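Data block below; observations after.
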Amino acid sequence: MIQPEKIIIADDHPLFRQALLNTLKAKLTQTQWVEAQTIAELEQQLSENSESDLLLLDLNIPGAHGFNTLIHVRNHFPQIPVVIVSAHEDQDTIAKAIEFGAAGFIPKSTSVEIIYQAIVQVLMGDIWLPESFQMNASNEEHAEIAERVASLTQQQYRILMMFAQGMLNKQIAYDLNVSEATIKAHATAIFRKLNVRNRTQAVIAISQLDIHDSTITE
């Protein structure tokens with residue numbers, strides 16, 4: 001296998017991230033590794049490293065809001081395969097990850113050697129799933145909201161995630177260094193694309209793509 005030039009790893013658990021990196025760096029000696037611990041850092045790294053060969057994404061990275069980040073990345077950076085590396089190992093979570101465009105799903109309980117093999121398989125163009133996973137009939141109940149989230153621009157998506165954090169328009173405007181009127185204009189566009197009337201309905205809509213804590217296995 002030709003070694004990938006660059007891989008982004010988005011995970012906020014330093015011990016897991018460093019253990020994974022230490023092993024993978026020994027095997028992929030020519031690969032440059034780019035790290036992100038939050039969604040803001042991930043967005044910046046994606047913009048600066050859009051030629052990356054792979055993204056390893058933790059579904060619970062701060063600000064991710066379930067599958068929304070996966071959907072967003074697959075829409076705006078379709079050239080980068082995304083492998084989910086997650087503590088969630090239930091069948092429904094794995095199925096939805098694949099449905100929303102992931103090229104693989106690696107439970108965090110997986111040995112590092114198997115993680116390496118999974119990465120190699122995805123880089124060769126295949127999809128990697130845990131042996132315990134059994135693909136059922138596709139569940140399309142969230143397909144419509146996923147499609148609507150995917151239609152958002154990067155700035156609209158960023159603002160929507162800030163809505164989900166409960167931030168006020170004034171706070172968002174300050175953080176993004178734009179006017180409050182600009183935020184209101186973006187909000188109007190977001191509501192239209194999501195087919196909702198206000199920010200509360202918008203947050204409720206995207207919550208359909210959340211992951212329930214009860215599925216965590218570690």
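Determine, yes or no, whether Leu59 is modelled with pLDDT of 90 or more and open to solvent by less than 30 Å² (accessible area, probe 1.4 Å).
Numbers: modelled with pLDDT of 90 or more: no; open to solvent by less than 30 Å² (accessible area, probe 1.4 Å): yes.
In short, no.
If I ask for residues that are open to solvent by less than 40 Å² (accessible area, probe 1.4 Å) and modelled with pLDDT under 85, which ones from segment 117-142 would you list?
Selection gives Phe133, His142.
The values are calculated or read from the model by the stated rules, or taken from the named source; none is laboratory data. If you're wondering where the values come from, they're calculated on a predicted model, not measured in any experiment. Areas reflect the complete protein model, heavy atoms only, side chains present, ligands, DNA and RNA absent. Shrake-Rupley method; radii C 1.70, N 1.55, O 1.52, S 1.80 Å.
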